[in-house]
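S.K.: Sharing a structure here in structure tokens format.
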Amino acid sequence: MSLTALKGSPVSLNGDTLKVGSQFPNLRLVKADLSVLETKDLKGKKIVFNYMPSVDTPVCAMQLNQFTNKLKDNKDVINLFASKDLPFALSRFCGAEGIENAITTSDFRFNDLEK
């Protein structure tokens, strides 16, 4: 179990925080075109992985926009986002915000992020 803080108060998280150099777990995530992306297929690539509950919350929308803007000139880095949103909602959001350099994925089908 890992700990973090929310407004200065400790909060317990399920699971363990990955440590630098540890192997990233294989996740099955659904892309906008409804194909399945498995993180094991990205082995050896530089990835910035973000999880967010929903792009329809202000903090998550800001997170997606800020990481996308910061990484827009890094062509060798994969900007990967996962959420519980349906792929259609993620596509709608990215289209409205003009986000093109992020791979947005949904965990709605496999729930691998909850394991």
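S.K.: Quick one: in the range 25-53, of everything that is out of contact with any strand residue (DSSP E or B) (no Cβ under 6 Å at 6 or more places or on another chain) and surrounded by 15 or more Cβ atoms within 10 Å (Cβ to Cβ), which residue is farthest from Arg109 (Cα to Cα)?
M.R.: Checking each candidate, the answer is Leu42.
S.K.: Please pick out the residue among Leu113, Leu64 that is open to solvent by 50 Å² or more (accessible area, probe 1.4 Å), under 12 Å from the mean Cα position of the chain (by Cα) and under 24 Å from Leu6 (Cβ atoms).
M.R.: Leu113
S.K.: If you take the residues in the range 67-110 that are hydroxyl-bearing (Ser, Thr, Tyr) and over 16 Å from Thr57 (Cα atoms), which one is surrounded by the fewest Cβ atoms within 10 Å (Cβ to Cβ)? Outline the logic, then answer.
M.R.: Here is the first cut: in the range 67-110, the ones hydroxyl-bearing (Ser, Thr, Tyr) are 68, 83, 91, 104-106.
Now narrow it down to the ones that are over 16 Å from Thr57 (Cα atoms): 68, 105.
Details: Thr68: 21, Thr105: 26.
Applying the filter and picking the extreme gives Thr68.
The values are calculated or read from the model by the stated rules, or taken from the named source; none is laboratory data. Everything quoted here is computed from the prediction, not taken from an experiment. Positions of Cβ are generated from backbone atoms using ideal geometry, with glycine treated the same way; all protein chains shown enter the neighbour counts. The protein model used for the area step is the full one, side chains on, heavy atoms only, and it has no ligands, DNA or RNA in it. Shrake-Rupley method; radii C 1.70, N 1.55, O 1.52, S 1.80 Å.
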